[in-house]
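Quick note: the coordinates plus some simple rules give every number you see, no bench work behind them. Nothing here was measured: the structure is a model prediction, and the numbers come from that model. Cβ coordinates were reconstructed from backbone atoms using ideal geometry, including for glycine residues, and neighbour counts include every protein chain displayed.
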Amino acid sequence: MSGKIRFAPSPTGYLHEGHLLSALYVWAAAKKWNLKVHLRIEDHDQSRARPAYIAGIREDLAWLGFKYDSESIQSARGLVYEAALQKLVAKSLVYPCYCSRKQLLAENPQSETGEIVYQGKCYYKTRDERRETRELSTSDIANASRHPERSEDNSEGECCAHARMGITEPKSWGFAPSSKILNSTSAPHSLRFIVPDKFIDWHDLRLGDFHENPKLQCGDFPIRDRDNQWTYQFAVCVDDIDEGITHIVRGEDIRNSTARQVALMEALGRTERPVYLHHPLIVDANNKKLSKRELAHSLRQDKEAGITPEMLFGRVCYKAHLTENDAPRTLIDAISIIMEHL
C-alpha cells in the first residue's frame, strides 16, 4: 500500500498530549502502510490562530523527533478554496444563510451530541426568492415578445432578455444565487452547502461500518462563516482532495464529521474515498478530551520542566491504555506499539 497521510493540528494553542497521541497514530500508520506524511497547519480560524503557535508546532515536532515529507498552511490557500467554492456554486449547492448564532440555537433542534441540526430556514427563503425572480423574468420575456419594439433584436431569445435584467446565471441553476450575488450583500451571512438527503455507508478500520445521513446529523452546514472565514469542514475536504490525501487517521471526536465530509468531497468531484481510522482519545480527570480551550497542559510546559520525549511517549501510551505502565519509551518503540493496534 502507498499514498499520503496528514497530521493536521490547528495553531490555536500549543500541542498537548492529545496531539502527541494523534501524531503517534499518524506516523505509525505511515510506517505500516508505506505512506508519506504531510504536515498541514489548519489556521482557517484566523480569530484564534497565532504565529507563535504555528512556530510552536514545528518546534515541538522537531524536538519529539517526528519528520514529515511536505507541509502546507491553510491561510495561504485562499485561491484554492475560492476555486472549490465556484464548483459548488456552479452545481447550485450553495446558498447564503443570515441566521445568527442565537437564532440557530432557538430555531433548530440539537442532536444527541448537542450539535445544531439546521432545518433549512434560509434554504427555503432563498428558494422562494429565486422562484419569484424566475416568475418576474418569465413575465418580462412574454412582454418583450408581445412588444417587439422593446427589443433590440426580435430573435434575441430568453438568454438575452435575462441579460438585460441582470440575471446572467445559467438556466440550469435552480434557486442558488451566483457567487457575485453571494458576495454582494452587506448583511452578515454564512454560506451553506446543500447536503444530500441520503444515507452514506463508510468503513472505519478500527470501529467498523457506519450507515449515516448527514442531513439528519447536522443539516446543511456552513462552508464559509459570518466572518468570511472558511470553515473546518470545507477547508479540510478541499485540502484532502487537492493535496492527494489517501488515508485519514484522527481522533474519535471527529468521527461524526466523516459522512458529511464524504458528501462534500463527492460534490467537489472526488470519486475514491480516503481510508479512515479514528483512534481513541486521552481524557482528563473529568473524562473530557484534552482541549486547548480548556487550557490543557502543553508539551512545551513539560519540556521546560525537564520532561524528555521518551518520558512523554511512555506516559501517552499508558494514558491511551496501550501499555501497562508509563515507563519511558523511544519514538520507535511507541510507534511499534501503536502499529500493533492498527
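Other residues with beta-carbon under 9 Å from the beta-carbon of ILE41 carry, at +1 per Lys or Arg and -1 per Asp or Glu, a net charge of -1.
Over 31 Å between Cα atoms: which of LYS32/LYS215; LYS67/LYS198; LYS4/LYS102; LYS32/LYS198; LYS36/LYS303; LYS87/LYS125 fall into that group? Beyond 31 Å between Cα atoms: LYS32/LYS215; LYS67/LYS198; LYS4/LYS102; LYS32/LYS198. The residues packed around ASP197, meaning those with a beta-carbon under 11 Å from its beta-carbon, carry a net charge of +1 if Lys and Arg are +1 and Asp and Glu are -1. Amide H to amide H distances under 5 Å link ILE200 with GLU212, ASN213, where only residues 5 or more positions off or on other chains count and H is placed in the peptide plane. From most to least packed by mean Cβ count within 10 Å, the peptides 304-312, 239-247 give 239-247, 304-312. Here's how it looks for LYS4: its modeled amide H is under 5 Å from those of LYS36, THR246, HIS247, which are all 5 or more places away or on a different chain. Under 5 Å between amide hydrogens, built in the peptide plane, is the criterion, and for HIS279 it picks out ARG250, GLY251, GLU252 among residues at least 5 positions away or on other chains.
Spread over its residues, the convex hull of the C-alpha atoms of segment 1-109 is 182 Å³ per residue. Placing dummy labels 7 Å off each Cα toward the beta-carbon, the span from LYS32 to ARG101 is 3.9 nm.
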